[in-house]
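The structure appears below as structure tokens.
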Amino acid sequence: MDVRIQAIHFEISDKLTDFINKKVERIARRKPAITDVEVTLKVVKPETALNKDVTIVVMVPQHDDVVASKVADTFEEGVDLALEAVERQLEKYKDKK
């Protein structure tokens, strides 16, 4: 599985990178068919509350890409919320089989 993290217009810290990788690995263990995960982090202007935008795209063979986008106060919170949405979408794939 390939995890790509893209931070738009800011430098991402190692701590945040490790946090994202750990969370993505947890989902990949439950759904081994996942081939790629793209995480895009963006700070929405102006600098106010709820200005961290997280978009996660999960690629699963023989299925449409699973996409979740969330806005939160922190990137960690946004990643958690977006991955919860991804998990719910992946459960729908399981139900269809």
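A few notes on this one:
- Condition met for residue 58 (open to solvent by less than 30 Å² (accessible area, probe 1.4 Å) and in contact with a strand residue (DSSP E or B) (Cβ under 6 Å, 6 or more places away or on another chain)): yes
- Whichever residue in segment 66-87 is in a strand (DSSP E or B) and open to solvent by 60 Å² or more (accessible area, probe 1.4 Å) and, among such residues, is farthest from residue 16 (Cα to Cα): 67
- Within segment 68-90, the residues that satisfy the criterion of being within 21 Å of residue 2 (Cα to Cα) and either in contact with a Ser or Thr (Cβ under 7 Å, 6 or more places away or on another chain) or among the acidic types (Asp, Glu) (or both) are 69, 76, 80, 82, 84, 87.
- For segment 4-38, residues that are part of a strand (DSSP E or B) and closer than 20 Å to residue 93 by Cβ total 3.
- Scanning segment 39-54 for residues that are assigned to a strand (DSSP E or B) and surrounded by fewer than 17 Cβ atoms within 10 Å (Cβ to Cβ) returns 40, 43.
- Of all residues in segment 37-57 being modelled with pLDDT under 90 and either among the hydrophobic types (A, V, I, L, M, F, W, C) or within 11 Å of the chain's Cα centre (by Cα) (or both), the one that is nearest to residue 78 (Cα to Cα): 50
- Enumeration of residues in segment 17-36 that are β-branched (Val, Ile, Thr), without any contact (Cβ under 8 Å) to a residue 60 or more places away in the chain and within 20 Å of residue 74 (Cβ to Cβ): 17, 20, 24
The values are calculated or read from the model by the stated rules, or taken from the named source; none is laboratory data. Just so it is clear, the model here is predicted, and its values are computed rather than measured. Cβ sites come from the backbone with ideal geometry, for glycine too, and all protein chains shown count toward neighbours. Just so you know, the surface numbers come from the protein's heavy atoms only, side chains and all, with ligands and any DNA or RNA stripped out. Shrake-Rupley method; radii C 1.70, N 1.55, O 1.52, S 1.80 Å.
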